[in-house]
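This report refers to the structure that appears directly beneath it.
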Amino acid sequence: MAGTTTGVVPDIAEQLAACPIFAALEPATLAALAATGQRRTWTAGKVVFQRGDAGDHMLAIISGRLRLSLGSSQGKELVLRHLEAGDVVGELAVIDGQPRSADAAALEDTTAIVLRRNRFLEVAAAHPDLGMAVARYLCSMLRNTNFQMESIALYDLQMRLIRFFLFSLRQAHGDKLPDRVVLHMSFNQTDLSAVLGASRPKINQALQALIAEGAIQREGDRFVCQVRRLREMGEMDEADDGL
């Protein structure tokens, strides 16, 4: 695995606890899991793993950003997710031991805690709350995937963009959103076009339409979102954008 090992650090349990998947673990479980972890750092542009690589570990990201994607032999790329501090990747391989199903690359200098499959399973066998934590996380990921598939397959671009904003706001700020809330966009329009399945010019047109409607305001990489207006335009209520 590419990267530079920096060793186990004293605050590794605290860093794992900052990841939602591990946040509710019992202290003893968290301590046992932290004892198995190592930190690694990848510089921007480095490949973290590739599709087909052995799936013998997962990563809990503590700083930086990764891009998870699929590529074709014709050079096309489908961006699956952007991962930031608090996210995990490789959890499927830890469970089933199968090879990687996608490519991961560092978008900027990124540090993560490496959790090896054999040690992870040992901790899970001794601490059942770890298994339940992973199950809850996978359920949330399945719901997210269903939402994304529904948005791309059943809605036009403007509606997909509205649903993307509302879903991202719920992920960043929780279930109870104020009428006016800021979304920090961690990727550019090219990345957004890959996520939503549209060209960059069309994404820009859809963004300008939302700005003209007063649903969003753009301030650099920040979007000031008028939640009520987005829901009105998307014909959605509070329950719809949170799955």
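In this Cβ point-charge picture (+1 for Lys and Arg, -1 for Asp and Glu), the chain has a dipole of about 500 debye about its Cα centre. Counting only lysines at least 8 places from residue 76 when in the same chain, those with an alpha carbon closer than 20 Å to its own are 46, 202.
Computed over protein heavy atoms with a 1.4 Å probe, the carbon and sulfur contribution to the accessible area of the chain reaches 51%.
Computed on the Cα atoms alone, the convex hull of the chain gives a volume of 134 cubic angstrom per residue. Using a probe of 1.4 angstrom and keeping all protein chains present, the accessible surface of the chain works out to 51 square angstrom per residue.
Ranking of 91, 219 by solvent-accessible surface, largest first: 219, 91 (1.4 Å probe, protein heavy atoms only, all chains present).
Evaluated at q = 0.27 Å⁻¹, a Debye calculation over the C-alpha positions of the range 71-146 (equal weights, vacuum) places log10 I(q)/I(0) at -1.48.
Mean sequence separation of contacting Cα pairs (under 8 Å, at least six apart), scaled by the length of the chain, corresponds to a relative contact order of 18 percent.
The values are calculated or read from the model by the stated rules, or taken from the named source; none is laboratory data. From a predicted model like this one, the values you see are computed outputs, not experimental measurements. FYI the Cβ positions are ideal-geometry reconstructions off the backbone, even for glycines, and counts take in every protein chain you see. What goes into the accessible areas is simple: the full protein's heavy atoms, side chains included, and nothing from ligands, DNA or RNA. Shrake-Rupley method; radii C 1.70, N 1.55, O 1.52, S 1.80 Å.
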